[in-house]
Structure formats: structure tokens, C-alpha cells
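The structure appears below as C-alpha cells.
The values are calculated or read from the model by the stated rules, or taken from the named source; none is laboratory data. None of these values were measured; they are calculated from a predicted model. Using ideal geometry, Cβ is built from the backbone for each residue, glycine included, and neighbour counts are taken over all protein chains shown. In case anyone asks, the SASA skips ligands and DNA or RNA and just uses the protein heavy atoms, side chains included. Shrake-Rupley method; radii C 1.70, N 1.55, O 1.52, S 1.80 Å.
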Amino acid sequence: MATKRLPAKEIKAELDSLIKDASSTEPNLAKRLDELRRWIKDKKVGLLTRKPLVLDFLTELILDSRLWLKLKELTSEEKQIFFTQSQMAPAEKYWYEFLFPQWFNESDPKLDTWKKKMMSGEFTQEDEELINNLADEIEINGGACLWRYIIDLSMATDLVTSGNFGIPLCVQITISSEEWLTDKKVNWEATLLYWGITRGLLVSINPQNLANNLNSLANVILQKCDSLPSSCYDELIY
């Protein structure tokens, strides 16, 4: 899912350029980018080079910001033509049209926490292989998926998915035991509500039973994509 990361020596200049471009047309984006520029401002290139997750996140943010600013310049008709010609999946359109601007226009209560964990090395992507494999299965079965650091760390969403009808569904995977699942669900719903996400699916899994059933889980998620109402937080124990 990761994009080829930008070299550490280019990151600060890219952020400076984007902040300048965004300041007149989208000041809230410029403000959020400046917050992240200040996060790494005093970090030496060598240190940043040793922080691959920080570079991956910033690369992703720079590329998304750059494309979002280009989309902002387009008329509605031009934007739809771009989406069609680029064959952008509904999950990705949902990111650019709704989730990404939601993120930079609102306060992010989790941002400071995960910035610190990412820089200190405390944040690890232990479930990366599982999420990647599940995304592959969903796409093999005709669906679409999107993963982003921001939706993962700030929006309690491992994958934004869509099925035959192209309606986005935010999916969170958890391996919490039953005793912790209720609290997990309460926090998950609160996070989705905060960001204005109206369709969510919390999937509680037993990883020991999942190895041979990943394709089956992918199909169940796709069914949920097409069958859940437009405003719904659902739970699946798998």
C-alpha cells in the first residue's frame, strides 16, 4: 500500500512549497502542513532517513495535498472527467472529496499522540501484512480499497472499501478479546462520529482462524459494502 517514499533531504523543501501554494487558496491545509513541517524542522536528514514510517507518512501527505490542490482548481465537470479518466475508485474519491478535507479542516485530537509515537519508533505496523492481504482479497473479488496513515491513526479505519454499488464503507479490524470489545466499539463509534463518517464496520477477528478464511471475510465485507444503509455502524465477529 505504501508509495515510494521521498528522500529525507527533499521532504522539508516539498512541505515549504506546498505551504506556499496552499496558503492563499486553502489556509487550513497550509496550517496543518506547517504543523507537520515544524514537527520535523529541527530534525537532521540522517535522523529522518532512519525514520521510514515518518518519511512514508509525509510522502503520502505531500502527494495527497498536491493532488487535492489540483482538484480544487477544477470545476465540478472537470473534476468528474478527471475521476473518470483516471479510473479513480469510489474509496479513493471519498478520501479526496470528504475525508482528507475533513482532516485538515478540523482539529485532530489524536495527531500529537501518533506523531510522537511515530518519531520515537513506538508505532509499528504489526497488522500491515493482514491488512494488505485482506485488501488484495477484496480487490480480487471485484471491490476497491484505500489505506492511508491518517484514516488508520486518526479515524479508526484500516480500510475504506467499496463494492458493486460504489458506496464507501470504513472498515476497522480488531483482534480485541470479548471483554475489551465493548469499549473498543464505543471508542470506534465516537471517532467515526467526530469525523462525520456515516458508514462503518467493526470486524473482530481471531487471527488463528483467519488464515484459510481471508477470502470468505473479504466477500462478507463486500456484501456489507452493498447492503448496509447509508447511515450505519455495524459489527462483525469473525
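Based on this model, can you work out whether GLU128 counts as in contact with a strand residue (DSSP E or B) (Cβ under 7 Å, 6 or more places away or on another chain) and open to solvent by 30 Å² or more (accessible area, probe 1.4 Å)? For GLU128, the condition - in contact with a strand residue (DSSP E or B) (Cβ under 7 Å, 6 or more places away or on another chain) and open to solvent by 30 Å² or more (accessible area, probe 1.4 Å) - is not met.
Across the stretch 207-238, the qualifying residues are those that are of a type in the set (Ser, Thr, Tyr) and in contact with a helix residue (DSSP H, G or I) (Cβ under 6 Å, 6 or more places away or on another chain), and the one among them that is farthest from ILE173 (Cα to Cα) is TYR233.
Hey, any hits in the stretch 34-48 for a residue that's assigned to a loop (DSSP other than H, G, I, E, B) and more than 20 Å from LEU6 (Cβ to Cβ)? Within the stretch 34-48, not a single residue is assigned to a loop (DSSP other than H, G, I, E, B) and more than 20 Å from LEU6 (Cβ to Cβ). Report yes if PHE165 is out of contact with any strand residue (DSSP E or B) (no Cβ under 8 Å at 6 or more places or on another chain), of a type outside the set (Asp, Glu), touching a residue at least 40 places away in the same chain (Cβ under 8 Å) and within 30 Å of ASP34 (Cβ to Cβ), otherwise no. Taking the combined requirement at face value, the residue does not satisfy it.
Of all residues in the stretch 134-148, none are surrounded by 17 or more Cβ atoms within 10 Å (Cβ to Cβ), modelled with pLDDT under 95 and in a loop (DSSP other than H, G, I, E, B).
Summed over the stretch 174-233, residues that are farther than 28 Å from ASN105 by Cβ and assigned to a helix (DSSP H, G or I) total 22.
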